[in-house]
1. Would you check if there is a residue in the stretch 75-91 being under 19 Å from the mean Cα position of the chain (by Cα), without any contact (Cβ under 8 Å) to a residue 40 or more places away in the chain and under 21 Å from Ala26 (Cα atoms)?
2. What residue, of Leu67, Leu104, Leu97, is assigned to a helix (DSSP H, G or I), modelled with pLDDT under 95 and buried (at least 16 other Cβ atoms within 10 Å of the Cβ)?
3. Within the stretch 56-63, does at least one residue satisfy the condition of being closer than 30 Å to Ser4 by Cα, touching a residue at least 60 places away in the same chain (Cβ under 8 Å) and either of a type outside the set (Ser, Thr, Tyr) or surrounded by 12 or more Cβ atoms within 10 Å (Cβ to Cβ) (or both)?
4. Is the stretch 30-45 home to any residue that is at pLDDT 95 or above and in contact with a Ser or Thr (Cβ under 9 Å, 6 or more places away or on another chain)?
5. Go through the residues of the stretch 42-54 one by one and say whether even a single one is closer than 18 Å to Phe136 by Cβ, in contact (Cβ under 8 Å) with a residue 60 or more places away in the chain and of a type outside the set (A, V, I, L, M, F, W, C).
6. Taking the criterion of being of a type in the set (Ser, Thr, Tyr), surrounded by 14 or more Cβ atoms within 10 Å (Cβ to Cβ) and closer than 23 Å to Leu11 by Cα, would at least one residue in the stretch 108-129 satisfy it?
7. Criterion first (modelled with pLDDT under 95, hydrophobic (A, V, I, L, M, F, W, C), more than 20 Å from Lys9 (Cα to Cα) and surrounded by fewer than 16 Cβ atoms within 10 Å (Cβ to Cβ)) does Leu72 satisfy it?
Amino acid sequence: MISSYASEKLLLTLWVGGLWAIGFLAVPMAFANLGDVTVAGNYAGQLFTAVNFLGLGCGGTLIISKLIQYKLSVKQLWRFWTLVLMVAMTLVFSFYLQPEIAALKQLNWQIEQSLVERFSLLHDLSKNLYLLLSLFGLALVLSTDKQPQVLRAS
């Protein structure tokens, strides 16, 4: 049991640490230091793609391990459903938001007002979902499914 707990914490820390390091450190630094917004945006997209694939791998592994560990009886485990939600959000990022934003960039989106509004909407949605994903991940890293052990006086 201790190894499954340690493995879960390791995978969660890898995923959530990646989310925080990329979203709140590397990407802002890229925009601050690269000078060209287009180059920084493309680099940010690559970083987000990498952390999304990391999240899908770690999240998928954690979901499967919880299903095995709790013998498919996970209905009352809020941490399991938070993981499922996080993986679903990561899928939305990977297969909807990022491709849509990339497609708009290919259309020279700054020229047409409707494309500017669409880009702004997708970017704001992406930022807010990323913040939620990061906070859900933090909640998982700081919590556990383990029941507290009662210390008995001898």
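The values are calculated or read from the model by the stated rules, or taken from the named source; none is laboratory data. These numbers were taken from a predicted model, which means no experiment stands behind them. Using ideal geometry, Cβ is built from the backbone for each residue, glycine included, and neighbour counts are taken over all protein chains shown.
1. Checked against the condition, which is being under 19 Å from the mean Cα position of the chain (by Cα), without any contact (Cβ under 8 Å) to a residue 40 or more places away in the chain and under 21 Å from Ala26 (Cα atoms), the stretch 75-91 yields no hits at all.
2. Working: Leu67 fails: buried (at least 16 other Cβ atoms within 10 Å of the Cβ); Leu97 fails: modelled with pLDDT under 95.
Step by step, each of Leu67, Leu104, Leu97 is checked, and only Leu104 is assigned to a helix (DSSP H, G or I), modelled with pLDDT under 95 and buried (at least 16 other Cβ atoms within 10 Å of the Cβ).
3. First pass over the stretch 56-63, keeping only residues closer than 30 Å to Ser4 by Cα: 56-63.
Among the residues that remain, those that are also touching a residue at least 60 places away in the same chain (Cβ under 8 Å) are: none.
Checked against the condition, which is being closer than 30 Å to Ser4 by Cα, touching a residue at least 60 places away in the same chain (Cβ under 8 Å) and either of a type outside the set (Ser, Thr, Tyr) or surrounded by 12 or more Cβ atoms within 10 Å (Cβ to Cβ) (or both), the stretch 56-63 yields no hits at all.
4. no
5. No, the stretch 42-54 contains no residue that is closer than 18 Å to Phe136 by Cβ, in contact (Cβ under 8 Å) with a residue 60 or more places away in the chain and of a type outside the set (A, V, I, L, M, F, W, C).
6. Taking the stretch 108-129 first, the residues of a type in the set (Ser, Thr, Tyr) are 114, 120, 126.
From what's left, surrounded by 14 or more Cβ atoms within 10 Å (Cβ to Cβ): 126.
Those still in the list that are closer than 23 Å to Leu11 by Cα too: none.
No; the residues of the stretch 108-129 include none that is of a type in the set (Ser, Thr, Tyr), surrounded by 14 or more Cβ atoms within 10 Å (Cβ to Cβ) and closer than 23 Å to Leu11 by Cα.
7. Working: modelled with pLDDT under 95: yes; hydrophobic (A, V, I, L, M, F, W, C): yes; more than 20 Å from Lys9 (Cα to Cα): yes; surrounded by fewer than 16 Cβ atoms within 10 Å (Cβ to Cβ): yes.
Yes; evaluated as a whole, the condition is true for this residue.
A quick yes/no check of all residues on (1) surrounded by fewer than 17 Cβ atoms within 10 Å (Cβ to Cβ); (2) more than 17 Å from Lys66 (Cβ to Cβ); (3) not hydroxyl-bearing (Ser, Thr, Tyr):
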site	(1), (2), (3)
Ser4	yes, no, no
Leu10	yes, no, yes
Val27	no, yes, yes
Asn42	yes, yes, yes
Leu54	no, yes, yes
